[in-house]
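The values are calculated or read from the model by the stated rules, or taken from the named source; none is laboratory data. All figures in this text were calculated on a predicted structure; none of them were measured in a lab. No Cβ is skipped: glycine too gets one built from the backbone with ideal geometry, and neighbour counts run over all protein chains shown.
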Amino acid sequence: MAEISAKLVKELRDITGAGMMDCKKALSETKGDKDKAVEWLRQKGIASAEKKSGRTAAEGAIGSYIHTGARVGVLVEVNCETDFVARGEIFQELIRNVAMQIAACPNVDFVNVNDIPADVAEREKQIEMGRDDLAGKKEEMKEKIVAGRIGKRLKEMALMDQPFIKDSGMTVEEMVKQVAGKVGENIQVRRFVRFNLGEGIEVEKMDFAAEVAAMQAA
């Protein structure tokens, strides 16, 4: 397999306008063949989606999903550029897929890694720094290990980095870009909220052993 150099990735990015990670994946999938990588990106709709990503997406729709058993519910806002696309079947299916993805990912709380507040990232870092397996390691080595773990952990908290539940060969971000390429508009998942039945309600737990003992003593 040909080496996927930074220079080759940049050349593909200049041709297609796609993101660096998408270009690297395209080259990996096509064994370093730049022309085939261009075709791969266009087939996925990623190239055209990237070119539209800077355009304002103020239309769209709010979708919902209630999981079987009605114990988990999701509301999600997905934006596009026109009301025509928002009402279309392709866009509506996208919203359903995104809402189902959120319901299936209980540890996901943010749309993108960049949305994660600094205090949350710092809290995760402190947790990792305190792991037993890092005890005794030099500070420089510890920081390097933790940086790698934090990068992975933050991605686990971000919706767009999750493997798509209907096709684990792509991420949610790649799936959204494919749809954007099909409809010819910028599409952005803006925000979501997940509801878990009973979440936040304190349920009083009965100590039956103590209750029986008290009854016997009486």
The lone condition Ile150 fails out of (1) at pLDDT 90 or above; (2) part of a helix (DSSP H, G or I); (3) surrounded by 17 or more Cβ atoms within 10 Å (Cβ to Cβ); (4) of a type outside the set (Lys, Arg) is (1)
Going through (1) loosely packed, with under 15 Cβ neighbours inside 10 Å; (2) modelled with pLDDT under 80 one by one, Phe195 fails only at (2)
Across (1) part of a strand (DSSP E or B); (2) touching a Cys at 6+ places or on another chain (Cβ under 7 Å), Val78 clears everything bar (2)
Residues of region 97-141 being among the hydrophobic types (A, V, I, L, M, F, W, C) and in contact with a strand residue (DSSP E or B) (Cβ under 8 Å, 6 or more places away or on another chain), in sequence order, are Val98, Ala99, Met100, Ile102, Ala103, Val108, Phe110, Val111, Val113, Ile116
